[in-house]
């Protein structure tokens, strides 16, 4: 299988494709693998431009992050990909919701697999969000200038818990019903306005059809959109705040930098 | 700088006019030296490729789990039949365990509220920015404060019979005691490590320990009437 000059490799075909007018009209940066083109591939893409075009080499080592943030994003993507088909088979009404869940288990093709994947990914996401938070803490990555991204992270932790919690009710089985009853009763303990919050959350004084509808809307619309909104800011702020190992965010560098500046100032004089 | 200027510097704020920008170069300005000279690598393709591989490995693991284990589904929701025990989702079971000892307004509102508040303000307090070992400065004073705080917390938990939270507190206090009497010049690597831990490390590790333990107990060790059971006893 000697390669002759006339035969093109896959790479060359791909490069030709990238040169076409149509391709160029869709992807703004065009072909090529120069440093500039690679930077443009990030910078000129509406989604990727949230990230910086370059990162410190240290970021790539596994021990730097354990990829926990990336994996959390991964679970979120799996949850969106499985959640949308699940919505096609589900009515948020009593007792149809339970029947639909049963159908997913026994009637719908691969319905069982879809539901399993959604549920286990949801558990994984809650776990990974916590793990990510503790990893960031022990790294000290919340230090100046990255403080506010930590705050956004805490907001995302709460959104994740609410997403999981609202999804918990949707199968409308005994497990779901009583878990939500136990959880929502805690809201009643808030001084003065506890019962009002409880009523607002459930659309009634107990978990009922109104609560199911509310949790469904929260779970499928409001919370995922809110999560995406904050995730976008979360990613963008990594770049704006100087990235991982941002200069000055590490105590050792902080001290070294102060020493360097002092030494440089002395030399200049 | 006594020579007269042939321009007027001012701030114009007419939003309808395209502003003219002028660069002023003052005399004694030199090129700024970049302090950071760390090696960098391009996000595309180096980082994106690794991220994609990580997410694919995750997807494979999740698919495998989903093929092996089925999500639980019990009978139709029945408001007139309360299961015993009725448990919240696993990540709230630490809180539910607390509810067993304290009134709802404490365990359900005050504690989680304070935890969230504490998490949010972490980067804004100097105690979390400092990275020096807790007992390296003012050793004797800080040891005294540590004894008082550890004893008060332990007695509080003892009075309310919260043994499941008392155990990790005592273990952490024991480790901190070792840290309190270790110095950075110690021959033992472990003691050198402990001596260098700052206060924020101790508080967060204690919190993590409590969180994991209470959640595990709520999940695996609680049966009917929130009584203690062993995981192998079933329910």
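What average number of partner chain Cβ atoms lie no more than 10 Å from the Cβ of the residues making up B:155-166?
Values: counts 0, 0, 0, 0, 0, 0, 0, 0, 0, 0, 0, 0.
Counting other chains' Cβ atoms within 10 Å and averaging over B:155-166 gives 0.
Largest first and in whole Å, what are the equivalent-ellipsoid semi-axes of the range B:96-235 based on the Cα gyration tensor, each being the root of 5 times an eigenvalue?
Equivalent-ellipsoid dimensions as semi-axes: 32, 18, 14 Å.
Per residue of A:167-180, how many C-beta atoms from partner chains lie within 10 Å of its own C-beta, taken as a mean?
Per-residue shielding by partner chains comes out at 6.
Using helices alone, what [θ] at 222 nm do you get for the protein assembly as shown, with -39,500 (n - 2.57) per DSSP H run of 4 or more residues, divided over all residues and rounded to the nearest 500?
Rounded to the nearest 500, the figure is -18500 deg cm²/dmol.
Using a Gaussian network model of chain B with C-alpha springs under 10 Å, which one of B:25, B:217, B:41 is most mobile by mean-square fluctuation?
Result for chain B, Cα springs under 10 Å: B:25 fluctuates most.
At a Förster radius of 30 Å, what calculated FRET efficiency corresponds to the Cβ-Cβ distance of residue A:48 and residue A:12, to the nearest 0.05?
So the FRET efficiency works out to roughly 0.75.
Measuring from the lowest to the highest alpha carbon on each principal axis, how far does chain A reach, largest first, in angstroms?
72, 64, 32 Å, listed from the longest principal axis down.
I'd like the FRET efficiency for residue B:170 and residue A:106, computed as 1/(1 + (r/R0)^6) with the beta carbon distance as r and R0 of 60 Å, rounded to 0.05. Spell out each step's value before the answer.
On the way: r = 51 Å, r/R0 = 0.85.
Once rounded, the FRET efficiency stands at 0.75.
Would you look at the GNM of chain B, springs on alpha carbons closer than 10 Å, and say which of B:137, B:126, B:17 moves the most?
B:17
Let a ≥ b ≥ c be the square roots of the eigenvalues of the Cα gyration tensor of the range A:70-222; is it rounded (a/c under 1.5), or, if not, prolate (a/b larger than b/c) or oblate? Don't skip to the answer; put the middle values down first.
Details: a/c = 2.65, a/b = 1.26, b/c = 2.10.
Oblate.
Give the order of A:27, A:137 when sorted by the count of other beta carbons within 10 angstrom, beginning with the fewest.
A:27, A:137
Partner chain Cβ atoms within 10 Å, averaged over the residues of A:109-120 - can you pull that number for me?
Average per residue, whole number: 4.
Taking every pair of distinct Cα atoms and averaging 1/r, then inverting, what Kirkwood hydrodynamic radius in Å comes out for the protein assembly as shown?
Hydrodynamic radius (Kirkwood, Cα pairs) of the protein assembly as shown is 27.4 Å.
Run the numbers for residue A:66 and residue A:236: contour at 0.36 nm per residue of separation, minus the present Cα-Cα distance, in nm.
Contour length minus the Cα-Cα distance gives 59.2 nm.
Does anyone have the angle between helix A:96-106 and the longest principal axis of chain A? Alpha-carbon axes, 0 to 90°, nearest 10?
60 degrees
Could you tell me the calculated FRET efficiency between residue A:37 and residue A:247, based on Cβ-Cβ distance and R0 = 22 angstrom, to the nearest 0.05?
0.25
What is the ratio of the Cα radius of gyration of chain B to 2.2 N^0.38 Å, with N the residue count, to two decimals?
For chain B, the normalised Cα radius of gyration comes out at 1.65.
Bear in mind these aren't lab numbers, they're just calculated from the coordinates by the rules spelled out. Because the structure is a prediction, the values reported are computed rather than measured. Using ideal geometry, Cβ is built from the backbone for each residue, glycine included, and neighbour counts are taken over all protein chains shown.
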